[in-house]
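I have placed the structure first, in the form of structure tokens, so that the comments after it can refer back to it.
The values are calculated or read from the model by the stated rules, or taken from the named source; none is laboratory data. The shown structure was predicted, so the numbers you read here are calculated from the model rather than taken from an experiment. Note that we place each Cβ from the backbone using ideal geometry, even for glycine, and neighbour counts take in every protein chain shown. Ligands, DNA and RNA are stripped out before the accessible areas are found, and what is left, the full protein with its side chains, is counted by its heavy atoms. Shrake-Rupley method; radii C 1.70, N 1.55, O 1.52, S 1.80 Å.
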Amino acid sequence: MWCQRLAWLLRGQRGSTGRRWPWLPRDPGPVPAAPARCRPTAPASPRCAWQLHQDHLELRYGGTLMRLDFVWLRDHCRSASCYNAKTNQRSLDTASVDLAIRPQAVRVDETTLFLTWPDGHVTRYGLEWLVRNSYEGQKQQVMHPRILWNAEIYRQAQVPSVDCRSFLETDEGLKEFLQNFLLYGIAFVENVTPTKEDTEILAERISIIRETIYGRMWYFTSDFSRGDTAYTKLALDRHTDTTYFQEPCGIQVFHCLKHEGTGGRTLLVDGFHAAEQVLRRAPEHFELLAKVPLKHEYVESVGGCHNHMIGVGPVLNVYPWNNELYLIRYNNYDRAVINTVPHDVVRRWYHAHRALTAELRRPDNELWVKLKPGKALFVDNWRVLHGREAFTGYRQLCGCYLTRDDVLNTARLLGLQA
């Protein structure tokens, strides 16, 4: 999987400055030697051993070597007095924990770590829980499993559309749709009544609709009613939407209600697949795109619409603990003046941007789809870029933006990893 190759590259590659990637923690170096007491567990549990250090417990279990800070171990206690299991919320006041705390006694059996603190309080941790929730365990996990694709990979996968009735009325249909969406970043619903009202019902099945400067549900025609190239008949290059928001919209819904003319096909490109190719071929470019913050800007004064939006962030966004890519912010139309990048970096950034753009524009990465009445498209705006070819005649779309948190919440409640 790409994220594993990413982690390998980040461990092994250095940029032109000779420094490690900026979001990686510094090498902790040798583990302090004193005081250290090694206590292997009983012979019945050869997979577990522990060693006590000055400020942390070193625990090896199931092939994972964990370094667990004493304050962290006290703070995450799941006893009834420290954690409310009914609300899944912490009761312990973290600021009250002594930052120099050390356990008075440590014991490990086949499944559980026991710590006794100076005040006599006992904390118990399941060893499997520690593997899942320690920093070392999280580094080995993927937050969002995905299948990266180009046009051929997606076509060969033959990802099915979900029928509108199944989507709206059954958990099975909804789960199938969300699984496709999570894996590929796009998903389709067929046999939708081509009205704005029915599209709204569809969207609300998985999320709260995010109201923006474009309203709640919008009609989309070539009347130039907004100060945006999208409201014309011109072709649109691949891009993500609302890059000028501090938090770009998570999901976009498109439904073509009518088209009396030619052209207008929708272009879809997996931005994460393109970013992986950049990482594989030129990791120093990937580093710059993930490190350098840019401004994106939206300025309009058309009719009664007066807006000036600014969003700041790098083109590529990664989780710092496992270096997993989670957001691409790419829109050449809305990128503002580059005044956040010093002279000695800006030319290298342009080279990196050109490398990513070349991947995004590779013909084999382009999936072209003809939207039609009754077929609704959901796009992960944090991953998949969209565009369109020029068209003639009257073309009307409706759609909306969805809150990403609510879509992922719906998926998790159905048992999916999201």
* Asked: Can you tell me how many residues in the range 50-90 are assigned to a strand (DSSP E or B), open to solvent by 50 Å² or more (accessible area, probe 1.4 Å) and of a type in the set (D, E, K, R)?
  -> 4
* **Subset of the range 307-338 (residues that are out of contact with any Asp or Glu (no Cβ under 9 Å at 6 or more places or on another chain) and modelled with pLDDT under 95)** => Pro320, Trp321, Asn322, Asn323
* Residue check: is Ser45 at pLDDT below 95 and polar (S, T, N, Q)? -> yes
* Within the range 378-400, track down each residue that is crowded, with 17+ Cβ neighbours inside 10 Å and over 23 Å from Pro160 (Cα atoms). => Phe391, Arg395, Gln396
* Asked: Mind checking which pairs have a first residue in the range 199-215 that is assigned by the TED database to the domain that holds Phe245 and within 26 Å of Arg165 (Cα to Cα) and a second that is assigned to a helix (DSSP H, G or I) and hydroxyl-bearing (Ser, Thr, Tyr), Cβ under 7 Å, 6 or more apart or different chains?
  -> Ile206/Thr410; Ser207/Thr410
* **The one condition in (1) touching a residue at least 60 places away in the same chain (Cβ under 8 Å); (2) in the same structural domain as Leu367 (by the TED database) that Tyr135 fails to fulfil** => (2)
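For the subset of the range 162-189 comprising residues that are outside any helix (DSSP H, G or I) and not small (Gly, Ala, Ser), which member is most open to solvent (accessible area, probe 1.4 Å)? Before you say what the answer is, go through the steps one by one.
Just the residues of the range 162-189 that are outside any helix (DSSP H, G or I), to begin with: 162-163, 170, 185-189.
Pick out the ones that are also not small (Gly, Ala, Ser) and you get 162-163, 170, 186, 188-189.
Working: Val162: 5, Asp163: 62, Thr170: 46, Ile186: 0, Phe188: 19, Val189: 0 Å².
By that ranking, first place goes to Asp163.
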* Asked: In the set Val269, Val312, which member is closer than 22 Å to Leu397 by Cα, under 23 Å from the mean Cα position of the chain (by Cα) and of a type in the set (Val, Ile, Thr)?
  -> Val269
* Asked: Residues Phe254, Phe220: which one is in contact with a Leu (Cβ under 6 Å, 6 or more places away or on another chain) and either modelled with pLDDT under 95 or small (Gly, Ala, Ser) (or both)?
  -> Phe220
* Asked: How about the range 197-222: which of its residues are open to solvent by less than 50 Å² (accessible area, probe 1.4 Å) and charged (D, E, K, R)?
  -> Glu200
* Could you identify the single residue in Ala85, Ala157 that is of a type in the set (A, V, I, L, M, F, W, C) and over 30 Å from Pro363 (Cα atoms)? => Ala85
* **Residue among Pro118, Pro194, Pro145 that is under 30 Å from Lys258 (Cα atoms) and in a loop (DSSP other than H, G, I, E, B)** => Pro194
* To do: Only one of these is under 25 Å from Arg362 (Cα atoms), assigned by the TED database to the domain that holds Arg362 and either without any contact (Cβ under 8 Å) to a residue 60 or more places away in the chain or not in a loop (DSSP other than H, G, I, E, B) (or both): Glu300, Glu284. Name it.
  => Glu284
